[in-house]
1. Taking the conditions exactly as written (surrounded by fewer than 23 Cβ atoms within 10 Å (Cβ to Cβ), under 26 Å from residue 344 (Cβ atoms) and at pLDDT below 90), does residue 230 satisfy them or not?
2. Check the range 25-34 and report whether any residue there is out of contact with any Gly (no Cβ under 8 Å at 6 or more places or on another chain), within 25 Å of residue 377 (Cβ to Cβ) and of a type in the set (A, V, I, L, M, F, W, C).
3. When you look at residue 16, is it surrounded by fewer than 16 Cβ atoms within 10 Å (Cβ to Cβ) and either within 28 Å of residue 166 (Cα to Cα) or free of Cβ contacts under 8 Å to residues at least 12 places away in the same chain (or both), yes or no?
4. Scan the range 72-102 residue by residue and report those that are surrounded by fewer than 19 Cβ atoms within 10 Å (Cβ to Cβ) and farther than 26 Å from residue 353 by Cβ.
5. Tell me the residue from 161, 111, 135, 146 that is on the phi > 0 side of the Ramachandran plot, assigned by TED's automatic domain parsing to the domain that holds residue 23 and crowded, with 16+ Cβ neighbours inside 10 Å, please.
6. Go through (1) surrounded by fewer than 19 Cβ atoms within 10 Å (Cβ to Cβ); (2) outside the structural domain of residue 309 (by TED's automatic domain parsing); (3) among the small types (Gly, Ala, Ser); (4) not in a loop (DSSP other than H, G, I, E, B) for residue 129 and report which single condition fails.
Amino acid sequence: MATDYDVVVVGGRCAGAPLAMLLARAGFKVCVFERHTSQFEMRSTHTIQLAGVRLLDQWGALPRLKRLGAPLLTRIHMIIHGVSISGLPWTATDQLSSTCVKRGALDTLLGELAIEANAEVLYQHDVRAFEFDGGRWTISASTPSGSQTAVSSRFLVAADGMMSSVASRLDLQFSMYRPSLTFTLYKYVPNTVGSECYILVDEWGAQACVPTTDGDMIYVIQRPTALFDRFKTGPQSFLREAADRIAKFAAIPPQATLCDGFRRALNQPSFIRAMLETGACLIGDAWSHKDSVTAQGITDAFLDADLLAKLMIANPQMDARFERALKLKWAQRTALYAEEVERANRLAGFLPATATQIEELQTIARNPELSSKFLGLDAKTYSEKDLARDLAGLS
């Protein structure tokens, strides 16, 4: 393998792999270090919101994704604070809609696409050291067997998740931080919802049934962090209570009430990390994270990768002009993301709805176009500000 690259990416999952693919297609020499195997099943959001599916389509990857077997959603049914809203997200079509893919299958596909584009993707390579000197990075990684790999590059990208070792070693601080409000339980069970999605949200918490790969659906329970001790002391009664609530709304199989097979995601803070001044960039959860109640993590990672790739391809020398463009675009993205964090935290607070909020939800539910726009908030195809303006225009 080569030892001299244009870009080294640390982390080869849903942020790092698409970035490597896009840059390698444009002729960049790219090396990706991923500490896990390609099939490693991340404890993570599985939904790819419509905005993310659109990017997969633009990248030419959507046909390959469809072959994994997860259906595109044909309808979303949501009961939020007792108000039923149904439809598809704004701009969705029969051919382009949100979907939900098990992470092992998704990450393997993204890695294959990067490799096919001639990126060097090295699995089970844990980055142990790096140094920036004279405008270049030297990066060293090791395998479980103890073998060492050292490479150099002009630019370093950290895409290694919430607990980013790159961010830690570079001592990059949080520019925004909100403690975790919720914990999440999820489990794969036989699909009983077809190609439709069911979501229940109120002051109790949130639940969802979403079809995924292998003929399964993912059953998700999300509740305030303060209630985790209650789950630990009485998990079976906790799960039965949850199942009884959503069973009034969606069909669930008996396995949904059994403790076996549930995975836990306990630490879900919302944050944005500061960037280095030069020579590097953070993307995906290494840069930012918000409560998974909106299920936008994969889509956010795709958007980061796409934006950074476009900036690099437009400025392949990665000079001072590129650095200025990067800072400007990331400042704009940071401002938008901060607004999304606040919305996610409002939802994750699971507070009782006010009379005004209930009235707004009822107005949305009666209007198919507004329902589609409302569902477009999580799908990242419509903005909260535009929806508020639409509602104000009805007054």
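1. yes
2. no
3. no
4. 74, 91, 93, 94, 95, 96
5. Testing whether each residue is on the phi > 0 side of the Ramachandran plot, assigned by TED's automatic domain parsing to the domain that holds residue 23 and crowded, with 16+ Cβ neighbours inside 10 Å leaves just 161.
6. Failed condition: (2).
Residues are listed down the side, and each one gets a yes or a no for (1) aliphatic (A, V, I, L, M); (2) exposed (fewer than 15 other Cβ atoms within 10 Å of the Cβ); (3) touching a helix residue (DSSP H, G or I) at 6+ places or on another chain (Cβ under 8 Å):
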site	(1), (2), (3)
318	yes, no, yes
323	no, no, no
336	yes, yes, no
369	no, yes, no
378	no, no, yes
385	no, yes, no
390	no, no, yes
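Residue by residue, here is whether (1) among the aromatic types (Phe, Trp, Tyr); (2) touching a residue at least 60 places away in the same chain (Cβ under 8 Å); (3) out of contact with any Ser or Thr (no Cβ under 8 Å at 6 or more places or on another chain) holds:
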site: 99; (1), (2), (3): no, no, no
site: 103; (1), (2), (3): no, yes, no
site: 107; (1), (2), (3): no, yes, no
site: 118; (1), (2), (3): no, yes, yes
site: 136; (1), (2), (3): no, no, no
site: 144; (1), (2), (3): no, no, yes
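The values are calculated or read from the model by the stated rules, or taken from the named source; none is laboratory data. Since the structure is predicted, the reported quantities are computational estimates derived from the model, not experimental observations. All Cβ positions, even for glycine, are placed from backbone atoms using ideal geometry, and neighbour counts span all protein chains on display.
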